[in-house]
Every structure is written in structure tokens, then in C-alpha cells.
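The structure appears below as C-alpha cells.
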Amino acid sequence: MSTPLSSPAIPKTDLRRVGILFSGGPAPAANAVIASAAICFSRAGIEVLGLLNGYANLAKYDPAKGLKEGSDYIRLHHKDLEGVRTQTGILIGTSRENPGKNVKQESDLADENATAPLRRVYDGLRSLGVDAVISIGGDDTLTTAAKFKLFQDRNPQLGQRIRVVHLPKTIDNDYEGIDFTFGYFTAVEMLAREVRNLLADAQAARAWYVVQVMGRKAAWLTYGAAIAGEAQLAIGLEDLCQDWWTEEEAVSPQTGEVMRDPSGKAVMRKVIRVDKVVDRIVRMVRTRFAEGKPYGVVVIAEGLAEFLPADEIKKCIPEDQFRALKPDPFGHFPVSQLNFSARLGRLVAERVKQEMGKELKITGLQFGYEIRCHPATAYDICLGSQLGVGAYRALVEQGLDGVMVSVTGQLDLVYKPFETLMDMTKLRAKARLLQPGSAFHQLARYLETRVDEA
């Protein structure tokens, strides 16, 4: 007789072996996800292979060489996974290999050259006898999972289908289909602790800090760190008004020449009017001085760096580093390599000296990679564990294919079809920005230094 303490029944399934891979940047609670999924499948008599280093080995699969245990994959058994869920790092490693990068629209699925890496992934998995694959990663990895499913949909002649389930991961939290991703609150906790430390230092020394944190597209980390760290101002890309933007010709750092599109027309890149950002920070500084608090911390999203004018970027980093930057075809720069907080601090100090006649002791800092493998909070371990268990329940209990596991409410599981999370016209996962005016966004406005509109 079943009771509240009964172990869940193990349903019949045709799955005999599953593969788990992790792709993209690390995140706290990664091992909670991996181990929880592996424990469930293993206890149900389904063999689990941990596919090492994301898609790196699969995308280069060569039938003549095969895939080798220990270097390309490991076996994950529940007897060996006790205590692993709370460990830092990634048990099976990761990489940024993207076998779907050449499939940019649905018509590319008919192109054998574009889909060749996806075919190698399929063949590699089948060579191992894998019946289903669980991918863990960000929006790019979700996109790859969706493309892999579409590739199989378009090519039924391949043979046995490999079912696909995706588990959402990004500390940036910019993920359509789930309220908060695992690792986000752990990253926020570490960032907030550092912001609080800086605020105490600022108060003691009558100093100011400008802190640049991760988040290329969305300011979730910026706002989380500012709210929990009691910063005086948070600024993300989503906050920039229309008149804070302008355009300039994109210039190659290597040649110094204007970048041109295939038709020969100059590539125009959207850029920020930095003076507008400086204005807003200076207004906050002025208010703080009026309150008798000549100190504070500003938290800014790294995504602003992508849209800095080229002349400003040159002033942020040494000349040799600038020349080594490789913008994408749209003139966008790699934001992790651009520490602009110190430059922004200097501009604020100059403006304050000019307008208020006061000298600011202001320091720019960049927080980034150190937050990605921080020991996970209990919440993120619970969330990550539920997502891992959700992969088992989706495949074995529900018999699903082509879904992302998500949660709602009190970690109740929901399964979202890939198609609902994708922009099918571009074959890209939808990003979720922090919406200005939303309750979370406004929480910062209510708590930070109040600045009345000019």
C-alpha cells in the first residue's frame, strides 16, 4: 500500500541508457542538477553516461576513433554520487562548443554541410547506445537542443530517435520559461556580500565605488546585487532611455578601418551616450552629499560595455588589448574583456569637481568569473535538484521529448515545449530582459538613493 513515505514507483520505459551534458559557463549548483538526474535514472535501472566537456567530443566524433570511456564520457551510478550534489564545480566539465551554430534558419536543416556537426553528435550518441540526451545550459544550449530535435524531425531516415530534454542554466537569469535559474541567487549572494563590504569601506573612508557585474543582455545580477547589497544606484541596459542612444561607424581595432557589410556599406553600431550615464550618477552623488553621506556604491551591468563608443573603449584598456579585441560582424565587442568601471568613475569625478568643486575618491571594480562556482545556497541546491529530477520525470514518467524542464510556485514541475521558448524565424531562444517598471525592477528604485527627476 502506498503511503506518504513510499518511494516513487518506477514506470516501464524503453530507455536503457541516457547521456547528460553541460554546456557554457559554470553556475553554482551545477552538480546538484547532474547528480540528481543521474541518481534517479540509475536507481530506475537506466544507465547514465556523463558526456564530458559539453558537445566538444561529440561534435568531433569520428567513427574510426570512437568515443572512449574516461576521456569522452564517464559512467554515473547512484552509489557513487552521495555528497556530490553540494559540491562546487561541474562533475562532467563544460565547453562552449556549439554544433548547431551553422543552422541559422529552418532551411539550413536541409543543408548537409550546415548540419554536419549535428549529424556527428547524433552518430556519436548512437555509437554509445544513448536513447535520450539531457542538456544543461543557457539559451545557446537550449537553441542547440531545439536544433538537434528539429534535425531529427527532418531526417527520420537516421533511424532510432534520440529524445531530448533541456535543463535551463544561467546565473544571468535572462531565461524565458522559468522565473529564476539555478545559481542566480548564489551569485547574487556573493555579489551582495562584496557590495556590502564596499559600502562599509566607502562609509569609513568617505569614498565611492563603481562596480561592474556580469550580465551581457539583462541586468538581473546587477539589480540583485544592488538590492541585497544596499547599493545606492543600479543601472542596466534596460534602463537607458531612447535619447541616451546614438550611432557611429564600426571600426576594426586591428586595422583602424571602418567595417563594411557584404554590399560595401559602412556597418553602423548603436552606442551609448556616456554623458547621460554620468549625469545620472552625478545627480545621485549630489543627493548623497546633501544628505551628509559623501560615499556610496553604484552597480552597473557589464552589457553597457558592448555599446560604448570606440573612443571610450580605447580609454578603458591598454592599446595592445584594444587592438586584440575582435568585434562580431555587427561591431559588438566581447564585454568580459572590457572593464569600463574605472573610466566611468573618472568621468563622474571630473564632473563632480567641475559642478560641485569637490574631489571624489572613486574606484572602479569588475566582478565576474569568481561568482560562477561559489558554493551553492540551499535554495539553488533545491532548485537544481528538482530540475535534475524533472529530467527523469519528463523522460521516464511522462515520455516527453523536446521539452525544457521548469518550475513554478513551490518548485512544482512544468515541461515547456521547445517551440514555445524559441523565435522560430531566427532559430534562437527568446531572451528575458529585466522589464523597467516591473516589481523587481522597482524594488531597487524604492530602496536606493532617491533622485527626483530634473
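Some observations on this one:
- Arg283-Thr255 FRET efficiency (beta carbon distance; Förster radius 35 Å; 0.05 resolution): 0.30
- Restricting the range 12-109 to GluC sites (Glu not before Pro) in coil, as DSSP defines it, with at most 12 other Cβ within 10 Å: Glu82
- Spin-label zone in the range 393-432 - amide nitrogen under 19 Å from a point set 7 Å from the Cα of His78 along the C-beta vector: 393-399
- For the pair Glu247 and Ser95, a Förster radius of 30 Å applied to the C-beta separation gives a FRET efficiency near 0.25, rounded to the nearest 0.05.
- Taking the centroid of alpha carbons for each part, the range 419-454 and the range 101-138 are 32 Å apart.
- Per-residue SASA entry for Cys40, accessible area with 1.4 Å probe, Å² rounded to 10: 30
- Sparsely packed loop sites in the range 258-356 (the GluC sites (Glu not before Pro) outside DSSP H, G, I, E and B with at most 15 other Cβ atoms within 10 Å) comprise Glu291.
- The residue among Val211, Val258, Gly229 whose Cα reaches farthest toward the positive pole of the charge dipole of the range 197-262, with charges on the beta-carbon of Lys, Arg, Asp and Glu, is Gly229.
- Each Lys or Arg adds one and each Asp or Glu subtracts one; over the other residues with Cβ under 15 Å from the Cβ of Val18, this totals +3.
- Distance between the 7 Å Cα→Cβ label points at Glu319 and Tyr446: 5.2 nm.
- 16 Å cut-off, amide nitrogen to a point 7 angstrom out along Arg273 Cα→Cβ, residues in the range 226-259: 239-248
- Shape category assigned to the range 17-98 from the gyration tensor of Cα positions, a/c cut at 1.5: oblate
- Label corresponding to percent of Cα pairs over 41 Å apart when calculated from the structure given, among (i) 25; (ii) 51; (iii) 10: (i)
- Pairs over the 27 Å Cα-Cα cut-off, from the set Lys60/Lys270; Lys149/Lys430; Lys101/Lys276; Lys104/Lys265; Lys276/Lys361: Lys60/Lys270; Lys101/Lys276.
- Only Lys, Arg (+1) and Asp, Glu (-1) charged, at Cβ; the chain dipole about Cα centre in debye: 440
- Were the residues from Lys353 through Glu370 laid out at 0.36 nm apart, the gain over their Cα-Cα distance would be 2.7 nm.
- Aspartates and glutamates whose Cα lies under 14 Å from that of Lys353, excluding same-chain neighbours fewer than 8 positions away: Asp279
- Heavy-atom accessible area ranking, 1.4 Å probe, most first, across Lys79, Lys104, Lys12, Lys169: Lys12, Lys79, Lys104, Lys169
- Integer Hz, Karplus 6.51/-1.76/1.60 couplings in order for the range 58-71, x for Gly and Pro: 5, 5, 10, 4, 10, x, 5, 9, x, 10, 10, 5, x, 10
- Cut-off 18 Å (backbone N to label point 7 Å along Cα→Cβ of Arg16), residues of the range 120-153: 123-133
- The alpha-carbon of Lys65 sits under 14 angstrom from the alpha-carbons of these aspartates and glutamates, leaving out residues fewer than 8 places away in its chain: Asp123.
- Label separation (Ala439 vs Ala378): 2.3 nm, computed from points 7 Å beyond Cα along the C-beta direction.
- Working note: Cα atoms of the range 150-276, range along each principal axis, descending, whole Å: 70, 43, 29.
- Shown for the chain are the DSSP H helices of 18 Å or more along their axis, judged by Cα atoms, with a mean Kyte-Doolittle hydropathy of at least 0.5: 30-43, 378-392.
- The antiparallel fraction among DSSP beta bridges confined to the chain stands at about 40%.
The values are calculated or read from the model by the stated rules, or taken from the named source; none is laboratory data. All values reported here derive from a predicted model rather than from experimental measurement. We place every Cβ from the backbone using ideal geometry, glycine too, and count neighbours over all the protein chains shown. For accessibility, only protein heavy atoms count, side chains too; no ligands or nucleic acids. Shrake-Rupley method; radii C 1.70, N 1.55, O 1.52, S 1.80 Å.
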